[in-house]
Amino acid sequence: MRIPISYPMNAGKPGWPGNQIYEITRVRSTAAGDRNNSCIVRFHEHYGTHFDAPNHFNHEGAQIAQLPFDYFFYQRPVLIEIPKGADEKLTPEDFQAHAAEIAQADFLMIRTGFGALRDSDPALYQDHTPSVSQQAAQYLVQTFGATLKAICLDFVSLASPSDQSDDGAMAHKHLLGCYTDDFICIVEDADLSQVPANAPLKAAATIPLRMEGIDSGPVTAWVEC
């Protein structure tokens, strides 16, 4: 059974402030007498469930279309539970408690429970999201960077708009290979609510549009049980 972990992209959903762009312009319509339906779609690359490739914060890092295609498929997905609330940070200690599980993973899903607020309190979900501290990001890439392809978050971003420090930017830089040869990509704003706890997970995938010249992009993602 495949469980979708990416939200359908549509307008009016929370996202990083300034990134909430999703527009459809109808250019042909059968209802108006045209032979077919077609449209032009405009969206921000970091809106909705999306994949941060290394180039997002690393000018020498791979763009989304430059990553090997196998990089978006995973044979050892792992889900861990780390409950966090508004503006709380994930720390090295949070991940150290799950080190044995993470060591087995090539795709790590981190369920904080904060994703439940995406529809019920979108302003809180957007503006006061949990985040991953730069120390935690450094721990992950130094400890698991050789085997872990990507982490997946049930909140809007690795960083939080409410944090005016450089912590979120530094966390991105650590994970995306600015300081080491290894890197771990980031899937943000994912729906992990339906992934079963303590159940064997067979595989996962995060499939982006292969668009040249962009650092990151929206994904269709799923987990197979």
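The values are calculated or read from the model by the stated rules, or taken from the named source; none is laboratory data. Values in this document were obtained by computation on a predicted structure and should not be read as measured data. Cβ placement follows ideal geometry from the backbone for every residue including glycine, while neighbour counts extend to all protein chains displayed. Ligands, DNA and RNA are excluded from the accessible area calculation, which covers all protein heavy atoms including side chains. Shrake-Rupley method; radii C 1.70, N 1.55, O 1.52, S 1.80 Å.
Extending 7 Å from the Cα toward the beta-carbon at both residue 147 and residue 169 defines two label points whose distance is 3.4 nm.
Couplings 3J(HN,Hα) of segment 84-96, computed from phi: 9, x, 4, 6, 7, 9, 7, 10, x, 4, 4, 7, 4 Hz, in residue order, whole Hz [Karplus 6.51 cos²θ - 1.76 cosθ + 1.60, θ = phi - 60°; x for Gly and Pro].
Close amide H contacts of residue 152 (hydrogens built in the peptide plane, cut-off under 5 Å, sequence separation of 5 or more or a different chain): 108, 109, 110, 187.
At 1.4 Å probe size, with the rest of the protein present, what percent of the exposed accessible area of the chain is carbon and sulfur atoms?
Details: 5260 of 10560 Å².
Solvent-exposed carbon and sulfur of the chain make up 50 percent of the total.
Describe numerically, in nm with one decimal, the distance between label points set 7 Å from Cα along Cα→Cβ at residue 194 and at residue 210. Label at residue 194, label at residue 210, 2.7 nm between them. Over 24 Å apart at the Cα level, from the set 89/202; 89/149; 149/202; 13/202, are 89/202; 13/202.
Summed over the residues of segment 128-221 and divided among them, the accessible surface reaches 39 Å² per residue at a probe radius of 1.4 Å.
How large, in Å, is the chain by the Kirkwood hydrodynamic radius built from its alpha-carbon pairs? That comes to 17.8 Å for the chain.
Summary value for the chain: 31 percent relative contact order, contacts being C-alpha pairs under 8 angstrom separated by 6+ residues. Largest first, the three principal axis extents of the alpha carbons in segment 1-55 are 44, 36, 23 Å in whole numbers. Excluding ligands, DNA and RNA, the accessible surface per residue across segment 23-106 is 56 Å² with a 1.4 Å probe. For segment 78-192, a crude dipole built from +1 on the beta carbon of Lys and Arg and -1 on the beta carbon of Asp and Glu, taken about the Cα centre, is about 200 debye to the nearest 20. Our coupling estimate for segment 43-57, obtained by passing each phi through the Karplus curve with A = 6.51, B = -1.76, C = 1.60 and θ = phi - 60°, is 8, 7, 5, 10, 10, x, 5, 9, 10, 8, 7, x, 5, 4, 10 Hz, Gly and Pro reported as x. Under the simplified labelling scheme, the residue 38-residue 82 pair shows an inter-label distance of 4.6 nm, with each label point 7 Å from Cα along Cα→Cβ.
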